[in-house]
1. When you check S117 against the structure, is it among the hydroxyl-bearing types (S, T, Y), modelled with pLDDT of 85 or more and under 17 Å from N50 (Cβ atoms), yes or no?
2. Out of curiosity, is E15 at pLDDT 85 or above, over 18 Å from I177 (Cβ atoms), among the charged types (D, E, K, R) and not in a strand (DSSP E or B)?
3. What are the residues in region 86-103 that are over 18 Å from E149 (Cβ atoms), in contact (Cβ under 8 Å) with a residue 12 or more places away in the chain and of a type outside the set (A, V, I, L, M), if any?
4. Could you please tell me which pairs satisfy a Cβ distance under 6 Å, a separation of 6+ or placement on different chains, a first residue in region 58-69 that is surrounded by 18 or more Cβ atoms within 10 Å (Cβ to Cβ), and a second residue that is among the acidic types (D, E)?
5. State whether the residues of region 51-61 include one that is outside any helix (DSSP H, G or I), of a type outside the set (K, R) and modelled with pLDDT of 90 or more.
Amino acid sequence: MIVAFEGLSCAGKSELIGALRADYPVEYAVVPELIMDTTHGIDTYLCQVNDLAKSQMAELLQATRPNVLVDRTFLSTEAYAYAEGVEDAQALEAWYVDKWEDGALLLPDLFVYLRLSPAEAMSRAHQIGRASQPFAWYTAPERAYAYYEEYFSMPHYCVDTLTVNAEKPTAELVPIIHKAITQGRAKHEG
């Protein structure tokens, strides 16, 4: 089962993924965030390549563990393109749909949406020294938040969603998320 973690930067996606992997090492493989050099902003093309590579990695890792945890997917690229005011955001979304239909992009079986207010995300970003980076993760978190909220408020017929309050401590969230993943896998296998 492929499980994608989404939400604003500093919501705790990587921390939760690491905690799940540490608590249940036999059950989880991890596809980390691959684009790390964001000092000059985010390039949408690189994000698209990143998303395709992560999809391929997730597909390969499915053979090694029952669950593959993915740190961000195409939704993050769409959310932050929207936040940055990319003129042709609809073309970007259409590109992802084409890749999904062609089989080049896997849809996760479950999205875990870590809901965190833009104010709290910025507070966390300030605490770790990221808030001054010049791109939409930190300059327009409200727009990215609005995108996520709209996306995850709609019913999705082929992907389940678990929304959790990212202000809760990781130790409280790990068993909740693990249970949802276990139930989701049973549902998909049954």
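The values are calculated or read from the model by the stated rules, or taken from the named source; none is laboratory data. Only a predicted model underlies this, so the values are computations on that prediction, with no experimental measurement involved. Don't worry about glycine lacking a Cβ; one is built from the backbone with ideal geometry, like all the others, and counts go over all protein chains shown.
1. Values: among the hydroxyl-bearing types (S, T, Y): yes; modelled with pLDDT of 85 or more: yes; under 17 Å from N50 (Cβ atoms): no.
No, not satisfied.
2. Values: at pLDDT 85 or above: yes; over 18 Å from I177 (Cβ atoms): no; among the charged types (D, E, K, R): yes; not in a strand (DSSP E or B): yes.
When the stated conditions are applied, E15 does not pass them.
3. Listed by number, the residues that qualify are W95, Y96, K99.
4. Here the result reads N67/E27, each pair linking region 58-69 to a residue that is among the acidic types (D, E).
5. No, there is no match, as no residue in region 51-61 is outside any helix (DSSP H, G or I), of a type outside the set (K, R) and modelled with pLDDT of 90 or more.
This table checks each residue for (1) modelled with pLDDT under 90; (2) closer than 17 Å to L8 by Cβ.
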site	(1), (2)
R65	no, no
L110	no, no
R143	yes, yes
E149	no, yes
Y157	yes, no
